[in-house]
Structure formats: structure tokens, C-alpha cells
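Visitor: This is the structure, below, for whatever I ask next.
The values are calculated or read from the model by the stated rules, or taken from the named source; none is laboratory data. Remember, predicted model here, so these are calculated numbers, not experimental data. Virtual Cβ from ideal backbone geometry, glycine too; neighbours counted across all protein chains shown. In case anyone asks, the SASA skips ligands and DNA or RNA and just uses the protein heavy atoms, side chains included. Shrake-Rupley method; radii C 1.70, N 1.55, O 1.52, S 1.80 Å.
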Amino acid sequence: MLRPAANFSITADLYRTDIIDRIVFSSTIAPEGGACPTPAACPIRAILDPLRVGQAQFFTNAIDTETRGLDVVLEHTTRGVAGGTLVLSGQLGLNRTEVKARHSQSAVLTGAQLFDDAQVTLIERGQPCQHHVVAADFSRGAWNANLRANYYGEVQGQGFTAPFVQTWKAKWLLDLSSRYSLSKALSFSAGVNNLFDTYPTRWDPQRAAPFPQMGFTHCWETCPFGINGRTMYARAEYAF
């Protein structure tokens, strides 16, 4: 942590995380198509058909991954603003995950079959590689107000549309809240999340078939943020 001034601080964290034999959800394992003159020619079908199983998916220690990232947080406090205290903060979040290897202990499945390219895309690009936050928090007496903007970087997925890779664009979301503390134990608050009613990118109407044709509009397993749009709330809190 650096503190260039009494009311200003900078914190930076640089990290790297290596996971060997990471537990993940496998690809969808389906029987081979076409004719199978012998069980050896279609080993997956030979296993699944007697069990009357059409497809299989399971947890497995299938991959090695490396995650690198940087988090930087800045905070500036100003007292005496309109008789209160204003705290301005910013957070820069960068990260990247790579699948370094795919493994299989099976004599039937290769590492690429056990964990296919669609699953690799989910691990590497299914979560935002950038998440930034800018916030302003103002307090005066019993009152508090907070304005927060969240930036979610783009994400990609092909779990249901392979080989087409769907991209959900990066977007900002703005939240606003206020609180009044009647006492140390009782407070009332109200706010709006996603003030501008922002939604994730829609499915590509042609290349993402059949999802748009089935009525799905935005995303599935790789949503960078929720699909509920703007929400408003009011609540009372009492601490015992």
C-alpha cells in the first residue's frame, strides 16, 4: 500500500495461481454416430447403451490452469464537503486464465474429448477478464448516499453454439443507494440497481441458432451480469 497523502491511498496486488488437476465439469460425452460393426469400433456407445444413457457429463480432474491478475485500488477522502465526508474510490481489476493442459485417465476418451474446445472457452473467456469499479460515497450525520459504476469486460462462449463463438460485449452498470440511520441499531435504505436498465448482448439471431428461435434473448452460462435489468428496493435494518 502507498499513501502519498494522509487522505489518499493506493493498493496494488499482482498474483498468479496455478491449479494442477483442476476439478471441472466435463464435456457432454455422447455415443459415436454411424454404424458400429464391433463394440471396439464404438467404445463410448458400448458403455452407454447397456445403461440406456444417451449422454454423460461429470466432474473430473481434467485440466491444468494458470490465472494471472492485477488488482489496483485507489481511495481519496475529503472532509467538509457540504458539511459531510466524501470518499471517492476506483478499482482496476485485470485477470487472465489459460488452460495449460488437458488430461484423461480413460482408455476410451482423450483429453480433448473429455474437455473439448467449448469447455476451454468457458474457462478462459466465460468470465470477464476486466472488472472495474468507480464509486462515490457521501456521509453527513445520519445520512449516507452511494453512487457506484461497475464495468464488466466482454465474455465469450460456445457451449451451445459450437463452433460459433458468441461474444457478449463489455458494459457499464450504475447503482445508486441512500441510507438513513435512525439510531445505531435501526436504519432505512432505498436504491436502484442497474439504473439505466442495461442488459447483456443479445444472442446472434442466425449463428446462435437454435437459442434465439426458442425464445432465449440474452445469454446462458456465460452471462457477465444478470438479465433482470433495473431493480429498485427499499428496506429496514435492525441490529440486535
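Visitor: Right, Thr65: among the β-branched types (Val, Ile, Thr) and under 27 Å from Leu122 (Cα atoms) or not? Lay out the reasoning, then the answer.
Guide: On the way: among the β-branched types (Val, Ile, Thr): yes; under 27 Å from Leu122 (Cα atoms): yes.
Criteria met by Thr65.
Visitor: From the list Cys219, Cys223, exactly one residue is out of contact with any Leu (no Cβ under 8 Å at 6 or more places or on another chain), assigned to a loop (DSSP other than H, G, I, E, B) and under 18 Å from Asn95 (Cα atoms). Which is it? Step through it out loud before you land on a result.
Guide: Values: Cys219 fails: under 18 Å from Asn95 (Cα atoms).
Answer to the check: Cys223.
Visitor: Can you tell me which residue in segment 13-53 is farthest from Leu122 (Cα to Cα), limited to those that are among the hydrophobic types (A, V, I, L, M, F, W, C), part of a strand (DSSP E or B) and open to solvent by 70 Å² or more (accessible area, probe 1.4 Å)? Spell out how you get there, then give the answer.
Guide: Initial filter on segment 13-53 (among the hydrophobic types (A, V, I, L, M, F, W, C)): 14, 19-20, 23-25, 29-30, 35-36, 40-42, 44, 46-48, 51, 53.
Add one more test, that the residue is part of a strand (DSSP E or B), and what stays is 14, 19-20, 23-25, 29.
The next check asks that each one be open to solvent by 70 Å² or more (accessible area, probe 1.4 Å); those that pass are 14, 20, 23, 25.
Working: Leu14: 24, Ile20: 18, Ile23: 14, Phe25: 11 Å.
Checked segment 13-53; the qualifying residue farthest from Leu122 (Cα to Cα) is Leu14.
Visitor: Further question on the same structure: Just to verify a result, which residue in segment 115-145, among those that are among the charged types (D, E, K, R) and open to solvent by 60 Å² or more (accessible area, probe 1.4 Å), is nearest to the chain's Cα centre (by Cα)?
Guide: Step one: filter segment 115-145 for residues among the charged types (D, E, K, R), giving 116-117, 124-125, 137, 140.
This time we only want the ones that are open to solvent by 60 Å² or more (accessible area, probe 1.4 Å), so: 117, 125, 140.
Details: Asp117: 19, Arg125: 10, Arg140: 35 Å.
Ranking the candidates gives Arg125 first.
Visitor: List pairs: first residue in segment 216-240 and on the phi > 0 side of the Ramachandran plot, second residue polar (S, T, N, Q) and part of a loop (DSSP other than H, G, I, E, B) anywhere in the structure, Cβ distance under 8 angstrom, at least six positions apart or on different chains.
Guide: Listed pairs, sorted by first residue: Gly229/Asn194; Gly229/Thr198.
Visitor: Return yes or no: is Ala185 out of contact with any Leu (no Cβ under 7 Å at 6 or more places or on another chain), among the aliphatic types (A, V, I, L, M) and open to solvent by less than 40 Å² (accessible area, probe 1.4 Å)? Spell out how you get there, then give the answer.
Guide: Numbers: out of contact with any Leu (no Cβ under 7 Å at 6 or more places or on another chain): yes; among the aliphatic types (A, V, I, L, M): yes; open to solvent by less than 40 Å² (accessible area, probe 1.4 Å): yes.
It is true that Ala185 is out of contact with any Leu (no Cβ under 7 Å at 6 or more places or on another chain), among the aliphatic types (A, V, I, L, M) and open to solvent by less than 40 Å² (accessible area, probe 1.4 Å).
Visitor: Let me ask another. Restricting to segment 220-235, name every residue that is within 23 Å of the chain's Cα centre (by Cα) and modelled with pLDDT of 85 or more.
Guide: Filtering segment 220-235 down to residues within 23 Å of the chain's Cα centre (by Cα) leaves 220-232.
Scanning segment 220-235 gives Thr222, Cys223, Pro224, Phe225, Gly226, Ile227, Asn228, Gly229, Arg230, Thr231, Met232.
Visitor: So in segment 157-179, with the set limited to residues that are farther than 30 Å from Ala234 by Cα and of a type in the set (Gly, Ala, Ser), which one is surrounded by the most Cβ atoms within 10 Å (Cβ to Cβ)?
Guide: Going residue by residue through segment 157-179, those that are farther than 30 Å from Ala234 by Cα are 157-169.
Still in the running and of a type in the set (Gly, Ala, Ser): 157, 159, 162.
Working: Gly157: 23, Gly159: 17, Ala162: 12.
Looking at the filtered set, the residue picked out is Gly157.
Visitor: Determine which single condition Ala112 fails, assuming it passes every other condition in (1) small (Gly, Ala, Ser); (2) under 30 Å from Glu75 (Cβ atoms); (3) open to solvent by 50 Å² or more (accessible area, probe 1.4 Å).
Guide: (2)
Visitor: Looking only at segment 1-12, count how many residues are in a strand (DSSP E or B) and open to solvent by less than 80 Å² (accessible area, probe 1.4 Å).
Guide: The number of residues fulfilling the criteria is 6.
Visitor: Oh, and also: Got a number for residues in segment 54-70 being open to solvent by 70 Å² or more (accessible area, probe 1.4 Å) and either part of a loop (DSSP other than H, G, I, E, B) or without any contact (Cβ under 8 Å) to a residue 40 or more places away in the chain (or both)? Walk me through it before giving the result.
Guide: The first filter runs over segment 54-70 and keeps only residues open to solvent by 70 Å² or more (accessible area, probe 1.4 Å), leaving 55, 57-59, 61, 68.
From what is left, the residues that are either part of a loop (DSSP other than H, G, I, E, B) or without any contact (Cβ under 8 Å) to a residue 40 or more places away in the chain (or both) are 55, 57-59.
Final tally of qualifying residues: 4.
Visitor: Working carefully through the options Leu2, Leu86, Leu51, find the one that is at negative phi, in contact (Cβ under 8 Å) with a residue 12 or more places away in the chain and not polar (S, T, N, Q). Show your work before the answer.
Guide: Values: Leu2 fails: in contact (Cβ under 8 Å) with a residue 12 or more places away in the chain; Leu51 fails: in contact (Cβ under 8 Å) with a residue 12 or more places away in the chain.
Of the residues listed, the single one that is at negative phi, in contact (Cβ under 8 Å) with a residue 12 or more places away in the chain and not polar (S, T, N, Q) is Leu86.
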